Structure formats: C-alpha cells, structure tokens
Amino acid sequence: MRTLHIFGLIAAGCLATGCTNAQGTEPKPARPVRVETVAPAPPQSGIRYSASVEPFEQVSLAFKASGYVDEVLRRPGADGRSRTAQAGDFVNKGTVLARVHDADYKQRIDQGRAKLAEGEAGLTKARLDLERARTLFAADSLTKPDLDGAQSAFDSAQARVVAAQADIELALSALRDCELVSPATGILLERRIEVGSLVGAGTVAFMFGDVSSVKARFGIPDSVIQSVKLGERIGVIVESLAGGRFSGRVTAISPTADPQSRVFNVEVTISNQDGRLRPGMIGTVVIGDVAGQAVSSPVQTLTLPLSAVVRSPGDTEHYTVLIVERQGASEVARARRVELGEVVGNGVAVVSGVTRGDRVVTSGATLLSDGDSIRVIP
C-alpha cells in the first residue's frame, strides 16, 4: 500500500527518543495523558469536519462623539425585569443602542440659532439700506463709494447668515452623533460600555454581527481540497438544533494552507432568515453530501484521532501510536507501529496495528517513549 503523506495533519513531533532513564537514575514520574478507545467509525454519508458558525459580517460599532454615556439600550430579561442589552440580543436596523451626554451639543445648537437670528436681523437691515442707497444713487443723491459700502455691508450680513446656518447644521450633526444606531438587523456579539463610561470619538461600544446569513468555517487537508469547489452546495449538521440539517454554498477557499495546522480554511454560507443559527455554534460539514441526503456506506473502519499518530523514531516513512498497557497497579505506554489508510474528517483510518478496544494516547503522545509510566486523566 502506498505511503500516506500526512505530515501536516498528525502531531508534528516524533516519538521521543534518547529520553529513557540512565541506569541507576530515579524513575520519571507518570506523565498525565488523555486516551481514547479504538472503535469503528460509524457509517457516514460523506467525509465530515467540525465547523464553527460565524456571522456573515462582523463590524465594530464606535461613537463619533465624545462624552459620558447617558443611556444604553435596555431589554426585558428572563425574569421580566429590564436589563442592559448584552451579547446575543437581536436588534433591528435603526435601533438606538447607546447615547452619550448631549447637553453641550444642544447648547451649541441654541447658540447657533441665536447667532442666526441676529444675523438674519442684520441681513434685513442691510438689505433695506442697500435698496435705499440704490434709490438715492439713481437720483444722483448718493456717491458711488457710498453705494459700494452699502453693497459690501449687505454681502457681509448675508455671509454671516450662511455661516450661522452651517454652524447649526454642524451642531445638529454632532447631536445626531451622540446616538449609536444599529446599521442593520443583526445580533450583538459583545458590549464594551456601561452607563457612566467616558468615551471618545472612535471608542468601540459594541461588536455587531449580520446573521441574516451565517458562515460555517472549517479546515480540510490537501487530500480533500480538490473535491471542494467554489459555488457547490454542502450539507451542514448542527446537532444542538432539532432538525438541524442545513444546506450551504461554498463561498471561499483559502489559497494556502494554515502554517500551523497545515489545513485549508473553507467557508460555507448558509441562509439564516429564521435566526436559528447563532454565532459560536458547532456544526459538522459533510463533504460529498448535500444536507445529509447522500446514501451512507455500510463499511465500518477503525479510526484514530490524528493527534494519536506520531512518526516512528528514526523512520519517517512509518507511523506509531502509543497503547496503554497495564503493569501491576500502574499503566505504561507501549509504542506500536501502525499502517494508515485515508484521512477521514479529523481522524485517520487504520489498516493494521491496532484492534478494537485498544486504548491509545491522544494527548501527550509526542512527549512519551516506549515504556514510560503514564497517568490517564479525563
């Protein structure tokens, strides 16, 4: 059988070598490990991967005005009493989420309106003066410089009115900026302010998500990437929801693998008009199955988590797992070479080397040597 190249999918380290105790030294303490029991993978329709549900879009909502927060949106709580809006609350487009102290901005508007009234009175007088000057000039009773002076006074009065109007518009805009308004219908992901907080322009008050559609994000290995195409429909199962089987469309495939996990990130966009899917939910993406409709295969194969597999010491062409073996009252790890099959979701099929019921180390395998004393933890 061909060698399976999964260096980026299994634990990056090799089985520890050269770490055994020298003769006469004190024995190493038992290492804490987590284990799983080898069992056949249940029949599945398609290959499955764990996915995280995220908002279709996520934005920061920040104040444009500075000041002390006077109000934050309140909602009825589970006990019927009013409470401050919090993460998970749905809000409609145009909902006022918070408001800063606006007395100073209202005062600027009042001052601007007083200034405008004064300017309009001055403009009225300047207009009358200009009309009188034109009449006198036409009757040769006023000199040209005097007429020019009246025209200049009228132009200045008119400019003062325009400036006062602009000041009022600016003050009204600043007053509107005292309110932080929801830009769309969506969900509050985080609240970062309280009543009485001092905020400046640009201070983020809420994290907001558009959840009319959501994205299921997951990673797949290079052995599967060719089977996923942009635009194709893929099934997504959310077991926490009754009847939680959804169909989405692939809208993004990362062009490069993650440097740490060596998997390619994929996005599946799902319509969520009923709001059942919430950010943070965990789902299962099924490759080769649309909404769980494909026929399941009856073949059952022994599988191991990828974290249980390490490279054999001194032999990068083969792989090893650590089996839990009881010795008297204690337990030790025994290295066993395995022959691997295809990657199945977040695990790998095992052709030979383990049997049903074996307990294999899944956490801490890269730190162990054959024969090390271990302590199984939950």
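Helix 144-176 versus the longest principal axis of the chain: what is the Cα-based angle in degrees, 0 to 90, to the nearest 10?
Tilt of helix 144-176: around 30 degrees.
With Cα Rg over 2.2 N^0.38 Å as the read-out, I listed [x] 1.70; [y] 1.01; [z] 1.08; which label goes with the value calculated from this structure?
Correct label is [x].
Would you work out which of ALA103, GLN226, GLY353 lies farthest towards the positive end of the dipole of the chain, given +1 charges on the beta-carbon of Lys and Arg and -1 on that of Asp and Glu, about the Cα centre?
So the residue we want is GLY353.
Would you be so kind as to identify which of GLY112, ILE377, ALA85 lies farthest towards the positive end of the dipole of the chain, taking Lys and Arg as +1 and Asp and Glu as -1 on Cβ and the Cα centre as origin?
Farthest towards the positive end: ILE377.
Could you tell me which of ALA164, ALA150, THR135 has its Cα farthest along the dipole of the stretch 127-176 towards the positive end, charges placed at Cβ (Lys, Arg +1; Asp, Glu -1), taken about the Cα centre?
Sorting the options by dipole projection puts first ALA164.
Write down the percent of antiparallel bridges among all DSSP beta bridges whose residues are both part of the chain, to the nearest 5. Could the numbers behind the result be given before it?
Working: 81 of 85 bridges.
Counting only bridges with both partners in the chain, antiparallel ones make up about 95 percent.
So which residue, out of GLY200, GLY347, GLY328, gets the largest mean-square fluctuation from a GNM of the chain using Cα contacts under 10 Å as springs?
GLY328
Go ahead and estimate [θ] at 222 nm for the chain from helices alone: -39,500 (n - 2.57) per DSSP H run with n ≥ 4, summed, over the residue count, rounded to 500.
The per-residue figure over the chain is -7000 deg cm²/dmol.
How much net charge surrounds PHE56 when only the other residues with a Cβ under 12 Å from the Cβ of PHE56 are counted, with Lys and Arg +1 and Asp and Glu -1?
So the surrounding residues net to -2.
On a 0 to 90 degree scale, rounded to 10, what angle separates helix 103-138 from the longest Cα axis of the chain?
Taking the Cα atoms of the chain, the angle to 103-138 is about 30 degrees.
Connecting C-alpha atoms closer than 10 Å in a GNM of the chain, tell me which of PHE63, PHE246, PHE137 has the biggest fluctuation.
So, out of PHE63, PHE246, PHE137, the one fluctuating most is PHE137.
Grab the other residues whose beta carbon is less than 11 angstrom from that of GLY122, score K and R as +1, D and E as -1, and report the net.
Result for the neighbourhood of GLY122: +1.
Hey, what did the stretch 103-176 get for relative contact order, percent, Cα under 8 Å, at least 6 apart? Don't skip to the end; give the middle numbers.
On the way: 58 pairs, mean separation 40.2, N = 74.
Result for the stretch 103-176 is 54 percent.
Roughly how big is the stretch 111-182's charge dipole about its Cα centre, with Cβ charges of +1 (Lys, Arg) and -1 (Asp, Glu), in debye to the nearest 20?
That gives the stretch 111-182 a dipole magnitude of about 140 debye.
For the chain, what is the charge dipole size about the Cα centre, in debye to the nearest 20, if Lys and Arg each add +1 at the Cβ and Asp and Glu each add -1 at the Cβ?
900
Since every read-out is calculated from the coordinates, none of them should be taken as a lab result. Remember, it's a predicted structure, so these values are computed and weren't measured experimentally. Virtual Cβ from ideal backbone geometry, glycine too; neighbours counted across all protein chains shown.
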